[in-house]
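A.B. asks: Below is a structure I'd like to ask you about.
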Amino acid sequence: MIDSLFGTLIQKKPSSAVVDIGGIRLKVFITVGTYENLPSSGEKIEMLTYLHVREDILDLYGFTGEEQRELFSLLTSVNGIGPRSALGILSGVRSGDLKKRIITGDVKLLTLLPGIGPKIAKRIIVELKDKFDSLEMEEISEGEEISSETEQFKDALHALQSLGYNRNQSYRALKSAEESGGLTGKLEDIIKNALGQMR
């Protein structure tokens, strides 16, 4: 298994990065959170990796932290969740928030993540809940809950995540829009107001 990469960052996108290692350029699939933590192109970088091998597929996934790599590995162990789906999940929520949702068995909040329906959410909880003990639960930051928010707020949050923004970015932008009275009207208008808060 390729445990990590160290080289020069050649190119970066929200979903992938290209790293040059001694003249060999490797494409690595990444989460939005990893993308935000990457340096500028041309700089040196070290990235933890996970090599996915299946028949004629040989894909490399990269992470800037061990916690996300471990969560990625756990998610892909759940029947019905492939590497791309796992990346989508990790792009839409902070690691601590994801663990909290799994530990508390919160199906409703898990289904707010892109590509996760009630059936998959329940499967994630059943298969992964025991992986996290009660001591780890105390270390998980409380974060900002969205269970008390309106359906319109949740719809806007989901829409922003579908556009590629991570959960934290989207939540903060919507909260800022709400404070300035920008959470009224059509969903399209709310999204535009939230995007304006990100500039």
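A.B. asks: Can you list the equivalent-ellipsoid semi-axes of the chain, largest first and in whole Å, using the square root of 5 times each Cα gyration tensor eigenvalue?
C.D. replies: Whole-Å semi-axes of the equivalent ellipsoid: 29, 23, 14.
A.B. asks: May I ask you to compute the full-extension gain from residue 187 to residue 44, defined as 0.36 nm times their residue separation minus their alpha-carbon distance, rounded to one decimal in nm?
C.D. replies: Gain in length upon complete extension: 47.3 nm.
A.B. asks: Find, to one decimal place in angstroms, the Kirkwood hydrodynamic radius of region 4-63, where the mean of 1/r is taken over every pair of different Cα atoms and then inverted.
C.D. replies: After inverting the pairwise mean of 1/r, the radius is 11.4 Å.
A.B. asks: Specify the angular offset, from 0 to 90 degrees and rounded to the nearest 10, of the alpha carbon long axis of helix 151-162 from the longest principal axis of the alpha carbons in the chain.
C.D. replies: With both axes taken from Cα atoms, the answer is about 20 degrees.
A.B. asks: Per residue, how big is the convex hull of region 67-139 when only Cα atoms are used? Give it in Å³.
C.D. replies: 76 Å³
A.B. asks: If one takes the longest principal axis of the Cα atoms in the chain, at what angle in degrees, from 0 to 90 and to the nearest 10, does the Cα axis of helix 118-128 lie?
C.D. replies: That works out to roughly 50 degrees.
A.B. asks: While we're here: Enter the angle in degrees (range 0 to 90, nearest 10) between the Cα long axis of helix 167-179 and the first principal axis of the Cα atoms of the chain, meaning the one along which they spread out most.
C.D. replies: That helix lies at roughly 30 degrees to the long axis.
A.B. asks: Please compute the modelled spin-label separation between residue 155 and residue 106, points set 7 Å along Cα→Cβ, answer in nm with one decimal.
C.D. replies: If labels sit at residue 106 and residue 155, their model points lie 2.2 nm apart.
A.B. asks: If the only charges are +1 at each Lys and Arg Cβ and -1 at each Asp and Glu Cβ, what is the size of the charge dipole of the chain around the Cα centre, to the nearest 20 debye?
C.D. replies: 600 debye
A.B. asks: Using alpha-carbon positions, what is the distance between the centroids of region 1-69 and region 150-199, in Å?
C.D. replies: 30 Å
A.B. asks: Per DSSP helix of 4 or more residues, -39500 (n - 2.57); summed, then divided by the residues of the chain. What does that give at 222 nm, rounded to the nearest 500?
C.D. replies: Values: 10 runs with 93 residues, N = 199.
Value at 222 nm, helices only, nearest 500: -13500 deg cm²/dmol.
A.B. asks: Then there is this: Report the full-extension gain for the segment residue 24 to residue 119: residue separation times 0.36 nm, less the Cα-Cα distance, to one decimal in nm. Please report the intermediate quantities before stating the final value.
C.D. replies: Details: separation 95, 0.36 × 95 = 34.20 nm, distance 4.18 nm.
Between residue 24 and residue 119, full extension yields 30.0 nm more.
A.B. asks: Given contacts defined as C-alpha pairs under 8 Å and at least six residues apart, what's the relative contact order of the chain, whole-number percent?
C.D. replies: Result for the chain is 14 percent.
Coordinate-derived values only; no laboratory data. Please read all numbers here as calculations on a predicted model, not as lab measurements. In this analysis, Cβ positions are derived from the backbone assuming ideal geometry, glycine residues included, and neighbour counts consider all displayed protein chains.
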